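Before I ask anything, let me first share the structure, which is written out below as structure tokens.
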Amino acid sequence: MGSPLKPQPDANLFVGLLRRWPYQAALITSFLLLICWDACRNAFPANGDRTWLNWVAVAFIAYGVGVSLFFVPRCFVPRARGRGLAQLAWLRWALAISPSMIALGLWTAGADQWVATTGLVVSVLLLFLAARENDQ
């Protein structure tokens, strides 16, 4: 008859990396975000011409922190424990980089450099918090 089904490794290589080596993935992602920030620093002025975008970026950064620290642990973690934690690792990583990516995008649209720097710092902190959660 047929052989019994064997457990397969994570289908997605990146999710496997997030689950097996979370701190290394956080460090590599932080380095790549820093490269993006430096490229924008060389291409765009430090003081943007649309200061209202600063407040939009601050709101997105606060939203990313709130969702990462409060919403995901209360809503997604209890449901994911029964199904597997691979999707949860991916969700935590995506939410951790979102403040930096949104802030960089708004910097290119006319926000100030301090917004992108704040987004970068917050994203790095969230990445290592997500790595700590994925390591458990």
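Every number in this text was worked out from the coordinates using simple rules, so none of it is lab data. Every value quoted in this text rests on a predicted model; they were computed, and no experiment measured them.
Radius of gyration and Dmax for region 13-135's Cα atoms, expressed in Å?
Rg then Dmax for region 13-135, in Å: 15.2, 49.
Give the relative contact order (percent, whole number) for region 46-136; include only Cα pairs under 8 Å separated by 6+ residues.
43 percent
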